[in-house]
Amino acid sequence: MNATLLATSALALLLTLGCSGNSVREAQSDPRMSDPLLDRFIVYDTNSTLAEHVHLERVVRDPSSNPLQVQFDVVNNSGSEFDFMYKVRWFDKNAIQIPDQNEVWRKKTIGGSERLSLTATGPSPRAADYRLVVKEWERVK
C-alpha cells in the first residue's frame, strides 16, 4: 500500500510540476494544409487532364455588392483547346447551400495557354460563400 501511495503521490507531483507555468494554447492550423483558393474549386474529374486544362488562378469577390459577385480567373496550362462546363454553388454564412433556380451547367471553351474570367452573382443577399464546380464538357457528335 505504501508503494501505491508513493507512486500516486509522485504522479500527482509530476503532473503538478509539468503543468505549472505552462499556459494552454490552442493548436494553430498549418497554413500549408489549406489553400483558400483551392477550397473554392471543385473538380468533377471525368478526365484526368481536367485540372491541367482548367486551373484556378485567382478569385476576386466584390464585398460591397449585394447579392455577392465573384470572378474566377482560370488558365489553360496546356497548349491545346479544351471544352468544359462550370456552375457556382452558393452558401449562406452558416454554410447551408442556397437553392438557385438558375443553377445550370455553363459551357465554355478555353484556348491553349489562354486565361479566362468566369463571373457569377449570388442568387440572393444571403449568399456569403461559394464553390466553383467544373467538369469536362463531352460534346455529342
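Tabulated data for the structure shown
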{"read-out": "Any hit, region 132-141, residues being closer than 17 Å to Ala51 by Cβ and exposed (fewer than 15 other Cβ atoms within 10 Å of the Cβ)", "value": "yes"}
{"read-out": "Candidates Val74, Val59, Val133 - the one that is assigned to a strand (DSSP E or B), under 15 Å from Ile42 (Cα atoms) and in contact with a His (Cβ under 7 Å, 6 or more places away or on another chain)", "value": "Val74"}
{"read-out": "Residue check, Ser65 surrounded by 10 or more Cβ atoms within 10 Å (Cβ to Cβ), hydroxyl-bearing (Ser, Thr, Tyr), modelled with pLDDT of 50 or more and more than 15 Å from the chain's Cα centre (by Cα)", "value": "yes"}
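The values are calculated or read from the model by the stated rules, or taken from the named source; none is laboratory data. Computed from a prediction, not measured in an experiment: that's the story for all the values here. Glycine gets a Cβ as well: all are built from the backbone with ideal geometry, and neighbour counts include every protein chain shown.
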